[in-house]
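See below for the structure under consideration.
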Amino acid sequence: MSANKPPEARPLQRGCRAADLLYRLHYRHLKDWLRRRYGDGPPEPEDVAQGAFAKISAMENLDHVEDQRAFLYTIAANLAVSGFRSRERAARLIRDNLVANEFNIENLTPERVLEGRDDFAHLMRLLSGLSDRQREIVQRSRLKGQTYAQISAETGWSLGTISSELRAALQTLASVRTTREDV
């Protein structure tokens, strides 16, 4: 019976085939919709769309989802809003720290330089706990500001691989940070 329904109306199957079908049917339109709704980024529409598909593909079962397209768009919208909030929090943190520390770039002290070196060394220790691929993706995405598409073009890795590796790396870094703060 479902063979007579258009592909987008059929129930989503389990596993990679289901995510692949959903991707082929909706990626381009989702990316365009995100661009129209939220702009060119950051977060970049391509990255948000890839994140939404990564979340869908990580789900064990989509039997409870009546409208997969609406579900996908809701996930993407939530990811975009979360990206905006994250950037806003980071900007606020930087702004607050600059004000609180009365940072004056012309008044760098040896103590501030030493603190910066210590912070950098700590960051490098955290990154050394990641796989080579994860470390490179974190550096390209978070430090250099490259999009998933740019990383993919330069490395040859798929967008899905980049998304899942970045998510795993950030989870690892968050758990190390939490563990260290608990001590």
Fill in the blank from the handout: Once both label points are put 7 Å beyond Cα along the C-beta direction, the residue 114-residue 89 separation in nm becomes 3.3 nm
Exercise for the section: Give, in nm to one decimal, the length gained when the segment between residue 121 and residue 61 is fully stretched (0.36 nm per residue of separation minus the Cα-Cα distance). Expected result: 17.4 nm
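Compute the signed sum of charges (Lys and Arg +1, Asp and Glu -1) over the other residues within less than 14 Å, Cβ to Cβ, of residue 39. Provide the component values of the computation, followed by the final result.
Numbers: positive: 31, 35, 36, 37, 87; negative: 32, 40, 44, 46, 47.
Taking every other residue near residue 39 into account, the sum is 0.
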Exercise for the section: Using θ = phi - 60° and the Karplus relation 6.51 cos²θ - 1.76 cosθ + 1.60, list the HN-Hα couplings for the stretch 28-39 in order, rounded to whole Hz, with x at every Gly or Pro. Expected result: 4, 5, 4, 4, 5, 4, 4, 5, 5, 7, 10, x
Problem - Computed FRET value (nearest 0.05) for residue 143 with residue 78, which takes r as the C-beta separation and R₀ as 22 Å - result: 0.30
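No value in this document is a laboratory result; all are computed from the given coordinates. Source: prediction; values computed, not measured. No Cβ is skipped: glycine too gets one built from the backbone with ideal geometry, and neighbour counts run over all protein chains shown.
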